[in-house]
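Reading through the structure tokens given below for one structure.
Taken together, the values in this text are just the output of simple stated rules run on the coordinates, not laboratory data. Just so we're clear, the structure is a prediction, and the values are computed from it rather than from any experiment. Cβ: placed from backbone, ideal geometry, glycine included. Neighbour counts: every protein chain shown.
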Amino acid sequence: NAGVMQNPRHLVRRRGQEARLRCSPMKGHSHVYWYRQLPEEGLKFMVYLQKENIIDESGMPKERFSAEFPKEGPSILRIQQVVRGDSAAYFCASSPLSGINEQFFGPGTRLTVL
Amino acid sequence: GQQVMQIPQYQHVQEGEDFTTYCNSSTTLSNIQWYKQRPGGHPVFLIQLVKSGEVKKQKRLTFQFGEAKKNSSLHITATQTTDVGTYFCAGPDSNYQLIWGAGTKLIIKP
């Protein structure tokens, strides 16, 4: 059973470009969470999705950021018109049930904005 | 809103010394989870505590959940270089979203 997969592992974008980060949860997991982590800091919750639904996006900036988890395919975190402050590690986690259970993390995508 | 505070932010120890990190929630938790993140890696689940006053051990790691279910601790006995990393606690809020502590970074002095 493959773990949570994220790609790309590293992504470099210039200011103003778009970044698309993908996450495939573990098999059988229908709950996906996205987190952002700045260097030497903790995890900041961004958004919680179930298949085709956004359950909680309270941690995600209202502008430029969006997330989806379609019926088929991976979850996508999309950042439009990236700025230098978006440089961070973005982790995806999945769980079979709601957040009350343990979360399984992917390896992360390290986004660098030049 | 609900907060989970974790201290200390950093702890420097000599190899072989003990290490402890503490986690305090502003509200009662249904459970507390602990994760470890190695440098350059991703968080990995260690354990979940559910019962008031619960104590669980994993080799040199001892996890405790307070009687009031608002605080928890992780104690590592005789640290080794493989213990290096950041230890996070997390507990679910009323919407079953995990609220994370800021983490305690364990640094082994050379």
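Within a 10 angstrom radius of each residue's Cβ in B:90-96, how many Cβ atoms of other chains show up on average? Whole number is fine.
Across B:90-96, the average partner-chain Cβ count within 10 Å equals 4.
If you take every residue apart from B:Gln3 with its C-beta less than 13 Å away from the C-beta of B:Gln3, what net charge results, scoring Lys and Arg +1 and Asp and Glu -1?
Overall, the nearby charge balance is 0.
Which value results for Rg/Rh of chain A when Rg is the Cα radius of gyration and Rh the Kirkwood radius based on the inverse mean 1/r?
Across chain A, the Cα-based Rg/Rh ratio is 0.94.
Once you've got the GNM for chain A with C-alpha springs shorter than 10 Å, pick whichever of A:Val83, A:Val32, A:Val47 has the biggest mean-square fluctuation.
Evaluated over chain A, the most mobile residue of the options is A:Val83.
To the nearest whole percent, what portion of all C-alpha pairs in the range B:15-62 is separated by more than 14 angstrom?
Percentage above 14 Å: 64.
Using DSSP to define loop residues, name the trypsin sites (Lys or Arg not before Pro) in the range A:62-99 whose beta-carbon has at most 13 other beta-carbon atoms within 10 Å.
Sparse-neighbourhood loop trypsin sites (Lys or Arg not before Pro): A:Lys62, A:Lys71.
Could you work out the relative contact order of chain B? I mean the mean sequence separation of Cα pairs under 8 Å and 6+ apart, divided by the number of residues, in percent.
This gives 37 percent for chain B.
Please sort by residue number the trypsin sites (Lys or Arg not before Pro) in the range A:1-40 whose DSSP state is loop and whose Cβ has at most 16 other Cβ atoms within 10 Å.
The qualifying sites are A:Arg9, A:Arg14, A:Arg15, A:Lys27.
Per residue, what volume in Å³ does the Cα convex hull of chain B take up?
Considering the Cα atoms of chain B, their hull volume per residue is 89 Å³.
Over the range B:54-110, what per residue volume does the convex hull of the Cα atoms give, in whole Å³?
98 Å³
From the phi of every residue in the range B:32-41, what ³J(HN,Hα) in whole Hz does the Karplus formula 6.51 cos²θ - 1.76 cosθ + 1.60 yield, where θ is phi - 60° and glycine or proline is x?
10, 10, 10, 10, 10, 10, 6, x, x, x
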